[in-house]
Structure formats: structure tokens, C-alpha cells
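First comes the structure, then the notes that go with it.
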Amino acid sequence: MTSSPSRQSPRPSPPLSAAVALVTGATAYIGRAIALELARRGAHVVVSGRNAAAGQAVADEIAAAGGRAEFAAADLTDRAAVQALVGGILQRHGRLDVLAASGAGASSDSLAFKLFMDMSGEDFDTYIRSHWLARAHVIQAAAAAMRANQHGKIVAIGTDAGRVATVGESFIGGATGGMMQMCRVLARELGRDGIRVNAVAMSYIADAEPRWGGASPALASHERGMLQQLKKRMLFPVHCADIAQAAAFFAGPESDAITGQTLSVNGGLSTPG
């Protein structure tokens, strides 16, 4: 009686010093911090976003520190533009090893926090595009590139409102919760192709500007009090660099045994299961 052959184990991920990494939404705040951290660990970073001047400035900052980077513009809500972005990386570098999917949901022109009964149907669509579809577009394009090499690391950045019920974030949290569940399913679907998929969730970030413009009046009038309550409930402060460290861990070979997980980096504000 012969035993059936065992499935070949996925090969280990390359060290970040040998990786080509795409960071979306990398022109400011969390995305910028992730790009800087991946470059500090040796990756060649493709900095992407809509603001060409800001994106080139991040790439120049990496180069000035001795790292390797380039800027490539793309609107994450435009599926064709995102596919062209990844296609260009493959043309220039022949592969894509890491995707850190940030941005769109926290850009300066994004919708702020609104109560459900204050939203329009157009608001519904915008929240879903920004917090879910923008991630889905780039994850699909990146995964197609990674499958050819049978390895890859995908890290999706979202908000803890996708894990914890948060007033004023019914659709921000709902769309992010859907995105996180999508990542869990993709971890199963893409695992046999050597692709790991994880997510990093955040709450209040001390050095990222909260978006209150256009918020529901009932929320905007309590802005200062709400922020103070968040800070008071947090056991430790969280900065953009903390999110970047978590994303870099998921991007590197140290996390090869981890997939389908969401890590909340929230200073102890909440402890979602």
C-alpha cells in the first residue's frame, strides 16, 4: 500500500532586503510610515497615491536615507488604474513580493464620521468604495502577480471600527468589517499559492489628523470630548510608526506561519476577539 504524496510546503518568504513592496496610500501618515519602515528594513518600495508631489517627496526621503524607492500614481478606487499600477511594477521589476494596502479611507477628502440616519445613498457607496473596494482592487491585482512566483505577503490596513461597534462609524466599520472578512477568506483561497493575507486595525493615532470636517453635527459638537475620552481609555499612545512596525512584521518572513489574522494596534483601547 502506497501513501499519497504530501502537498509541497510553500517556500519561505524572502527577507525584506530582497523584496519588492507596494505601499498604497503612502503619501502621508500611516501609509508613509509603512513605506519608510519597509525601506528601512531593505525593501525596494513602490510608493503609491494620488498626490504625485507628496508621493515623490516620500520616495526622495527614502532615497536620502539610503533606501530604494520610486513613486507610481494610482487612484485606489479605480480598478483599471490599480491593475495598471501592478502591471507597471511587474514590467520594471519582474515580481511583487509585498503589498501593504492602506489609504483611500483616510485621505483628506474622505467622508468623515456620520450617524447612520444622516447619511445619503451616495455616502453609503463612498464609504464602501473607500474602506473596502479600494483594498479589494489592489489585493486582487497584487495576488495575481504573486501567484506566478508562489509567494507573497498582503497586509490590509483598516480601522478597529470593523471589529468593535463604534458610534458614527456604521458604514466605515461595516465596510472595514467586510474587508477583514474578505481577507480571512482570501487567506484560505490564496494560501496554497504561498500567499499570506493579514490585516492591521487601528483606532486613535496620536500623529494622524482626525477627520471631522463634514461630520454629523451631533458628533462634531462633541469632537474635543470624544477625543479626550479615547485618549483617556487608551493604556498606551499609538503612533503611525507603531502601525508600520506591525505591517512590517506581517510583510517579513518572521510571520510566515501566520495568515488570516487581524491584529489590533490600539493601545489597549479595546480588546476585540
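The values are calculated or read from the model by the stated rules, or taken from the named source; none is laboratory data. Remember, it's a predicted structure, so these values are computed and weren't measured experimentally. Positions of Cβ are generated from backbone atoms using ideal geometry, with glycine treated the same way; all protein chains shown enter the neighbour counts. Heads up: the accessible areas ignore ligands, DNA and RNA and are worked out on the full protein's heavy atoms, side chains in. Shrake-Rupley method; radii C 1.70, N 1.55, O 1.52, S 1.80 Å.
Data table
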quantity	calculated
Pairwise label distance in nanometres, SER270 with ALA148, each label 7 Å out on the Cα-Cβ vector	4.0
Mean accessible surface per residue for the chain, computed with a 1.4 Å probe while every protein chain stays in place, in Å²	47
Rounded to whole Hz, the Karplus (6.51, -1.76, 1.60) HN-Hα couplings of the stretch 257-273, x for glycine and proline	8, 10, 7, x, 10, 10, 10, 8, 10, 9, x, x, 4, 8, 10, x, x
R0 of 30 Å, Cβ-Cβ distance ASP123-ARG40: FRET efficiency to nearest 0.05	0.20
Per-residue [θ]222 nm for the chain (sum of -39500 (n - 2.57) over DSSP H runs n ≥ 4, rounded to 500)	-12500 deg cm²/dmol
Of all accessible heavy-atom area on the chain, the percent that carbon and sulfur account for (1.4 Å)	55
Relative contact order computed over the chain (Cα-Cα under 8 Å; 6+ residues apart), in percent	21
13 Å reach of a label modelled at PHE116, 7 Å along Cα-to-Cβ, counting backbone N of the stretch 153-183	165-175
